[in-house]
Amino acid sequence: MLQIYNTLSRQKEYFRPLHEGRVGMYVCGPTVYGDAHLGHARPAITFDLLFRYLQFLGYKVRYVRNITDVGHLEHDADEGEDKIAKKARLEQLEPMEVVQYYTNRYHHDMEALNVLPPSIEPHASGHIIEQIAFVQRILDHGYAYISNGSVYMDVEKYAKDFPYGKLSGRNLEDIVTDTRELDGQDEKKHSYDFALWKKAAPEHIMHWPSPWSEGFPGWHMECSTMGTKYLGEEFDIHGGGMDLMFPHHEAEIAQSCAALGHETVHYWMHNNMITIAGKKMGKSYNNFITLEQFFKGEHPLLTKPFSPMTIRFFILMAHYRSTVDFSSEALEAAEKGFARLQEAYARLLKLQPSDKTSGEIEEIRILRTKCQEAMDDDLNSPIVLQALFDSARVINTIHDQKASISSEDLDELRKVWKDYAIDILGLKLEENDADDNKLKAFNTAVDLLLDIRLDAKRNKDWATSDKIRNNLTELGFQIKDTKDGYEWTL
């Protein structure tokens, strides 16, 4: 039975959906004011893995992943300038042109990474009316106040009735310092009160009418609103990066309790960060590498281009709750590991069955159990990959005719690889359609050279034979002579 780590309880819990056979899942999506980077890829792949596995287990999943296209500001969630509006003004575009451009590019990158599209992908800007109504409910219940046309959450009043900080483990008393000195210095009663609605400055180009002012919703409001709109006042899973736990998700809990009188989310899940030299990768640190740069190899920290599947494999090599430190060398190691997996799968598809399975490889019959136990243990993708690599050694043994496998066991082995490597981990182990013709032409050219070498060996033309082998080896090819001819890998 699936166990997932619930950030709220800080322990693994058996997953029990609210509605039998159906799962509601909400994941914080991108803010579309720039190209997606490796830090965006990790939550996308993490919750794609969960989405795929829940469906594999037979659940009908409604997966909601939002697009933040308003309210995400330069300095924090309350002050500063809207990033999309700023980019629109600098490039003399309509804000929605910026949104659409980067949304299209994000979708292109996600498709390349083989991330499945969500069931619903709502935009914050398309739910302003619902967000205004949600803010009004909080005001009606007395947990917010109006100040100069803006609406703020009264965190101190809220904390008297509900446990504020329970998700992140922060105590309100720990962040309250000299609050009375701050009174009157700005619109908020306290520094930790956060915006539910902000009055727009005259130069702000993204704003909407509301009962309080011409303005825009606070950053946190969109997820509370859209989560409950599409999944109901209570739903199963809310996910996102660990950096969103505070203040974003903490604020969501407060907003939901203030408006509805109860929490909406049963299981909170957070993936850990991608780091560079121990520091979080992100736009705010100006140390990010876009996915397009990875795919093209156009960044000083990259030694070469890396395919989308290498990126996906690299992320799946680590458990989603562990930190992953980026380096080009680590990606090169992932590239080699993924190539080994591809090679094993190609051989698996070509294996011929025998009458029986050799005794020494009967362990492959428990491969499915190993993979399922790993996935049930909080989506432990590294253990799944290790089990597949272990079975790859068995596949190579059978391929080298040092062992045999029955037709029944071979069919099951192929099915396990398809279920776990392809359908659940989402790895494309066969040739990509877009590059199929180029790859086939490349393979044909290499085979032609090695055929010429084979003819040279038969004719005892050792100079030609050695020259072809040495030149291909210098280019990184590994060539193995067999009794039937040759095999090669790159």
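A few notes on this one:
- Take the conditions (1) touching an Asp or Glu at 6+ places or on another chain (Cβ under 7 Å); (2) closer than 23 Å to His266 by Cβ; Phe134 misses just one of them, which is (1).
- Any chance Glu250 is at pLDDT 95 or above, of a type in the set (D, E, K, R) and farther than 14 Å from Gly227 by Cα: yes
- Scan of the stretch 364-385 for residues that are free of Cβ contacts under 8 Å to residues at least 24 places away in the same chain and more than 25 Å from Glu13 (Cβ to Cβ), ordered by number: Ile366
- Strands (runs of 3 or more DSSP E) within the stretch 180-249 that include 3 or more residues closer than 21 Å to Leu139 by Cα and touching a helix residue (DSSP H, G or I) at 6+ places or on another chain (Cβ under 9 Å): 195-199
- Subset tally (residues that are in contact with an Asp or Glu (Cβ under 6 Å, 6 or more places away or on another chain) and crowded, with 21+ Cβ neighbours inside 10 Å) for the stretch 279-309: 1
- Annotation note: of Glu373, Glu363, Glu343, the sole residue that is crowded, with 16+ Cβ neighbours inside 10 Å, among the acidic types (Asp, Glu) and more than 18 Å from the chain's Cα centre (by Cα) is Glu343.
- Restricting Glu430, Glu408, Glu474, Glu412 to those that are at pLDDT below 85, within 28 Å of Arg365 (Cα to Cα) and out of contact with any Pro (no Cβ under 6 Å at 6 or more places or on another chain) reduces the list to Glu430.
Table: residues versus (1) in contact with a helix residue (DSSP H, G or I) (Cβ under 7 Å, 6 or more places away or on another chain); (2) charged (D, E, K, R); (3) under 21 Å from His37 (Cβ atoms).
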residue	(1), (2), (3)
Lys86	no, yes, yes
Arg89	no, yes, no
Asp109	yes, yes, yes
Pro117	no, no, yes
Ala124	yes, no, yes
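- A residue that is modelled with pLDDT of 95 or more, farther than 25 Å from Leu341 by Cβ and either buried (at least 17 other Cβ atoms within 10 Å of the Cβ) or not assigned by TED's automatic domain parsing to the domain that holds Leu50 (or both) can be found somewhere in the stretch 270-278.
- Considering Lys457, Lys480, the condition of being modelled with pLDDT under 85, in contact with an Asp or Glu (Cβ under 8 Å, 6 or more places away or on another chain) and either more than 27 Å from Glu363 (Cα to Cα) or not assigned by TED's automatic domain parsing to the domain that holds Ala112 (or both) is satisfied by Lys480 alone.
- Of all residue pairs spaced 6 or more apart or on separate chains, those with beta-carbon atoms under 7 Å, a first member in the stretch 210-232 that is in contact (Cβ under 8 Å) with a residue 60 or more places away in the chain and closer than 12 Å to Gln131 by Cβ and a second member that is part of a helix (DSSP H, G or I) and among the aromatic types (Phe, Trp, Tyr) are Met221/Phe134; Ser224/Phe134; Thr225/Phe134.
- Residue check, Asp378 among the acidic types (Asp, Glu) and closer than 30 Å to Ile45 by Cα: yes
- Residue match in the stretch 60-71 (condition: under 18 Å from Asp378 (Cα atoms), modelled with pLDDT of 95 or more and assigned to a loop (DSSP other than H, G, I, E, B)): no
- Where Tyr101 falls short, out of the listed (1) part of a loop (DSSP other than H, G, I, E, B); (2) among the hydroxyl-bearing types (Ser, Thr, Tyr); (3) at pLDDT below 95: (1)
- Residues that are of a type in the set (Val, Ile, Thr) and either within 13 Å of Gly29 (Cα to Cα) or not assigned by TED's automatic domain parsing to the domain that holds Ala195 (or both), drawn from the stretch 108-139: Val115, Ile120
The values are calculated or read from the model by the stated rules, or taken from the named source; none is laboratory data. Treat the numbers as computed from the prediction; the structure is a model and nothing was measured. Don't worry about glycine lacking a Cβ; one is built from the backbone with ideal geometry, like all the others, and counts go over all protein chains shown.
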